[in-house]
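Working notes for the structure below.
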């Protein structure tokens, strides 16, 4: 692993922690789970159940 933060975790940190992260984004967070499932289907890689934001 390279230690890179996952995109969905970074987006949600920016969205929910305005006190610590003074930035904004225009990402439609309601699409995160749908896109994650779509990418999982396309790539054939399952999302780990304990994955933050998009796990089960």
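No lab work stands behind these numbers, since they all come straight from the coordinates. Predicted model only: the values in this text are computed from it and were never measured. Cβ atoms come from the backbone with ideal geometry, glycine included; neighbour counts cover every protein chain shown.
Restricting the stretch 1-13 to residues that are touching a residue at least 40 places away in the same chain (Cβ under 8 Å) and either outside any loop (DSSP other than H, G, I, E, B) or exposed (fewer than 11 other Cβ atoms within 10 Å of the Cβ) (or both) leaves a set whose member that is nearest to the chain's Cα centre (by Cα) is 8.
Of all residues in the stretch 14-29, exactly one satisfies the criterion of being farther than 12 Å from residue 53 by Cβ and not in a loop (DSSP other than H, G, I, E, B), namely 14. Scoring residue 32 on the criteria (1) under 17 Å from residue 5 (Cα atoms); (2) assigned to a loop (DSSP other than H, G, I, E, B) leaves a single failure, condition (2). Looking only at residues of the stretch 27-56 that are in contact with a helix residue (DSSP H, G or I) (Cβ under 7 Å, 6 or more places away or on another chain) and surrounded by fewer than 13 Cβ atoms within 10 Å (Cβ to Cβ), we find that the one that is farthest from residue 10 (Cα to Cα) is 46.
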